[in-house]
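Presented below is the structure to which this report refers.
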Amino acid sequence: LEATEGGPAYGLGSIVPADEASTSARITIDFAVRSGLWDLPNPDYRILLTSNNGVLEERPLEASDGTQDLHFAVPREGLLWIRAELRGIVRGVRTMVAFTNAIYFE
């Protein structure tokens with residue numbers, strides 16, 4: 001997860017300055033990292049961009065053997081932090097499969 005606004009990119013644990021009026025987020029998912037280590041039949045993946053204001057956006061995600069980049073608009077009003085969550089079906093139950101640390105906003 002990175003926050004960008006056309007200038008520098010802010011990574012996990014970073015603080016985005018208050019003077020950055022508009023921000024977008026880029027989530028990169030690398031499915032090749034866990035290839036062969038675990039198999040989730042019918043995972044029905046969804047990626048969520050969450051914040052102190054709740055879920056900002058949720059999208060379906062197709063599993064692949066490579067890397068995927070997703071871009072999200074990030075509304076700054078009242079925003080203190082964002083993080084990415086990967087949800088899917090494990091043993092018949094929809095659950096959080098992975099999540100990132102937060103990026104913070106002044």
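Structure summary
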| item | result |
| --- | --- |
| Some residue of region 77-100 being touching a helix residue (DSSP H, G or I) at 6+ places or on another chain (Cβ under 7 Å), open to solvent by less than 50 Å² (accessible area, probe 1.4 Å) and not hydrophobic (A, V, I, L, M, F, W, C) | no |
| Complete set of residues in region 49-76 that are of a type in the set (Ser, Thr, Tyr), open to solvent by less than 30 Å² (accessible area, probe 1.4 Å) and farther than 20 Å from Pro17 by Cβ | Thr50 |
| Long-range neighbours under 6 Å by Cβ, at least six apart or interchain, first residue under 18 Å from Arg76 (Cα atoms) within region 86-106, second surrounded by 11 or more Cβ atoms within 10 Å (Cβ to Cβ) and among the β-branched types (Val, Ile, Thr) | Ile103/Ile82; Tyr104/Ile15; Phe105/Val16 |
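The values are calculated or read from the model by the stated rules, or taken from the named source; none is laboratory data. Note that the structure is predicted; figures quoted are calculated from it, not measured. Cβ sites come from the backbone with ideal geometry, for glycine too, and all protein chains shown count toward neighbours. Side chains included, ligands, DNA and RNA excluded: accessible areas come from the protein's heavy atoms. Shrake-Rupley method; radii C 1.70, N 1.55, O 1.52, S 1.80 Å.
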